[in-house]
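Values quoted throughout were computed directly from the atomic coordinates according to the rules given, and no laboratory measurement underlies them. Note that the structure is a prediction, hence the values are computed from the model and not measured. Cβ: placed from backbone, ideal geometry, glycine included. Neighbour counts: every protein chain shown.
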Amino acid sequence: MYALVEILGKQYKAEKGTTLNVDKIEKAKGDKIEFDSVLLLADKDDIKIGTPYVKGAKIKADIQEHGKDKKVIVFKYKRRKDYHKKQGHRAQFTTIRITDIIGSGK
């Protein structure tokens, strides 16, 4: 069984027991969270597609850790104009482990 879930504006494929790196969630390590914005729920041949979300479907997860991605360099340059600008950032993420996928029951 797997589900497509929307977390903070991005879509992820969630299966029970998998880990996902999502944008930073302001919760403590070890907290349990639920997502009810399930876009698609599939169990072998039984597929439920939401409009936009599947009613009654939820994803339960545990927060494993917080961290930072690799540095991303943003370099802007215009030739012959003596313009160059170098910036960078490290995006913060949260690692979550999917513990359960609850279907709609219908």
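Overview of results
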| quantity | calculated |
| --- | --- |
| Filter result for Glu26 (acidic (Asp, Glu), surrounded by 11 or more Cβ atoms within 10 Å (Cβ to Cβ) and either in contact (Cβ under 8 Å) with a residue 60 or more places away in the chain or under 30 Å from Gly88 (Cα atoms) (or both)) | no |
| Residues of segment 37-57 that turn out to be surrounded by 13 or more Cβ atoms within 10 Å (Cβ to Cβ) and either out of contact with any Phe, Trp or Tyr (no Cβ under 7 Å at 6 or more places or on another chain) or among the polar types (S, T, N, Q) (or both), as a count | 9 |
| Residue selected from segment 1-45 under the condition of a type in the set (Lys, Arg) and in a strand (DSSP E or B), by the criterion farthest from Asp69 (Cα to Cα) | Lys32 |
| Count - residues of segment 1-33 that are over 14 Å from the mean Cα position of the chain (by Cα) and of a type in the set (Val, Ile, Thr) | 0 |
| Residue that is in contact (Cβ under 8 Å) with a residue 60 or more places away in the chain and either in a strand (DSSP E or B) or basic (Lys, Arg) (or both), where the choices are Ile101, Ile73 | Ile101 |
